[in-house]
Amino acid sequence: MPELPEVEVLVRHLAPLLKNKTIQHVHINRERVLAGTPPQKLRKALRGATFESLARRGKYLRFELRAANQAVTLPLLGHLGMTGRMYLLPSNSPLPKHAAVVLDLGSENFVFEDTRYFGKFTLDTTALDELGPEPLGPEFTPENLTSALKRSSQPIKVKLLDQCVVAGVGNIYASEALFLACISPSRQSNTLRLPQVHRLCGAIKKVLVEAINRGSTVPLNLSGNGTRDGLFYYGSAPGASASLEERLRVYDREGKPCFTCGTPILRVIQAARSTFYCPQCQRAARASSEVKHRSRKSLA
């Protein structure tokens, strides 16, 4: 599933290409992705509208359009779901089989392709109201994260996937951040001390920025017709060097040596998702002893 870095890379790619483009026609092939917006309402709202800007919020793409012959700005929300892709195609190119929504821009088509139709393309923006702070924004602080974690006994890896806690962090980068912060993925969220949360906040920002910078420089094929760039969501553009693969420290490296200590990376299932970690660098025993020590002090 695309995570924050993949969505950010896509936004940076699409924003200049869509700016000032006017939608001439709207073709809807899969109503399921409209997420409650009636097809006729979407067609009426978008026909003649002009793209003004595009931004990311969590894993969502937020398009701002100027409605036809109106001064009001029209918000449009996109989500890639598990298999979604958004890209531009020349108008004379054949459309993919799973093109869910196609916007006719004249010489080009904007294509929202979604094989499994779990994505969203809707005028309903209420999903944004439930999101937590942006991990790369000023509101994401150790103090705010500590407050969000203090009432939860869930494992920290599972809690980081809660989009109400922090927006945009997914399975890959949660594992990566916990490794950098030397925190066991099984550690109870409400047992993390402020210094550990400081490390975790810094690690989350670091792995996300690294991935965004990597994806912004790698020649990617956003339509997905090509070799995947390591574990990065989009495919590599034809001719891209294999040396440009995304460098992940623990994710999908089960059995391979930890880059820090050489211990084989382990894989466990948490909340039906794979978690990868180093049992030496992220020792759960250390976390358990800290919890017991604090418990004895509180009883004294």
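The values are calculated or read from the model by the stated rules, or taken from the named source; none is laboratory data. This structure is a prediction, so every number in the text was calculated from the model and none was measured. Heads up, the Cβs are rebuilt from the backbone with ideal geometry, glycines too, and the neighbour counts pull from every protein chain shown.
Pairs meeting the criteria (first residue in the stretch 265-280 and part of a strand (DSSP E or B), second residue acidic (Asp, Glu), beta carbons under 6 Å, at least 6 apart or on different chains) are Arg267/Glu254. Could you tell me whether any residue of the stretch 137-144 is among the β-branched types (Val, Ile, Thr) and farther than 28 Å from Thr83 by Cβ? So far as the stretch 137-144 goes, yes, one or more of its residues are among the β-branched types (Val, Ile, Thr) and farther than 28 Å from Thr83 by Cβ.
If you go through the stretch 168-183 and pick out every residue that is small (Gly, Ala, Ser) and surrounded by fewer than 24 Cβ atoms within 10 Å (Cβ to Cβ), you end up with 2. Closer than 21 Å to Arg187 by Cα and not assigned by TED's automatic domain parsing to the domain that holds Gln282, is that true of Pro135? Answer is yes for this residue. Listed by first and then second residue, the pairs with beta-carbon distance under 8 Å, at least 6 apart or on different chains, first residue in the stretch 47-65 and buried (at least 23 other Cβ atoms within 10 Å of the Cβ), second modelled with pLDDT under 95 and polar (S, T, N, Q), are Leu65/Thr73. Strands (runs of 3 or more DSSP E) fully within the stretch 1-116 that include at least 1 residues being within 24 Å of the chain's Cα centre (by Cα): 50-57, 60-66, 73-79, 84-90, 99-104, 108-114.
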